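The structure appears below as structure tokens.
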Amino acid sequence: MQANAILEVRDVTKRFGGVTAVNRCSLALTPGRIYGLIGPNGSGKTTLFNCITGLDPRDAGEIRFKGARIDGLKPHQVARRGIGRTFQIIRVFPELTALENLLVVTREPFETARRRAEELLRFVTLDRLQHEYAGNLSYGQQKLLEFIRVLMTDPELILLDEPAAGVNRTLLNELLAAITRLRDQGKTILIVEHDMKVVMGLCETVFVLDYGEKIAEGPPGVIQADERVIEAYFGR
């Protein structure tokens, strides 16, 4: 186990039939930092998220959270350990209000859960829409709602799958500010994102996947100049 790592992925491999989606991938995250996970379409980013969160069982390797192995756990067991995630496709409940969308994911007593939900709605300036049906919210507002729904269980590690996709600039700025505030509160965030401006302006360390393999790791400035990364994105 790497010293001080909150998450360690060690030589993880995931295959689908004859296709290797993730190939001997290793990475380590230390607490209280924002990390980016980038790569061309089909490079294995979401599959790696699925392996970490128990949706796709890995075929080889180890995944450790706070020193304990979590590979082999069911998604709800991983979530209870303190890992939350969003998905590429929005998964709000359209016929529930924004407030109700938050309340349904917690086991806390109602009054405690409601206070937490109202606090999170204020956190992303959606409090004025708490009684609006989620299906009536804009796409960007639904993204913000899904983001804070993950926070209802107060996870230590937050995995965000393309949070900026389809979000207008005003709402995106609110989301990025919220992510930064979470980091300042000691949370650890790993972001899959195609918007390089977002990645390079927000993340402190960036991992790059290509054909399921990690080909680079480092600060944004180093990654931008890495010839392997440039080849992966533009040399095909």
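List of remarks:
- Entries in K45/K187; K143/K187; K143/K214; K45/K66 that, when Cα-Cα distance is taken, lie over 24 Å: K143/K214
- Solvent-accessible area assigned to carbon and sulfur over the chain amounts to 49 percent, based on a 1.4 Å probe.
- Per-residue HN-Hα couplings for the stretch 14-25 [Karplus 6.51, -1.76, 1.60; θ = phi - 60°; Hz; x = Gly/Pro]: 9, 10, 10, x, x, 9, 9, 7, 10, 10, 6, 8
- Environment charge at L73 (Cβ cut-off 10 Å; Lys +1, Arg +1, Asp -1, Glu -1): +3
- Accessible area in square angstrom per residue, the chain, 1.4 angstrom probe: 47
- Three-way shape call for the stretch 70-119 based on the alpha-carbon gyration tensor, with the a/c threshold at 1.5: oblate
The values are calculated or read from the model by the stated rules, or taken from the named source; none is laboratory data. From a predicted model like this one, the values you see are computed outputs, not experimental measurements. Quick reminder, even Gly has a Cβ in these numbers, built from the backbone with ideal geometry, and neighbours come from all protein chains shown. These area figures cover heavy atoms from the full protein model, side chains too; ligands, DNA and RNA do not enter into them. Shrake-Rupley method; radii C 1.70, N 1.55, O 1.52, S 1.80 Å.
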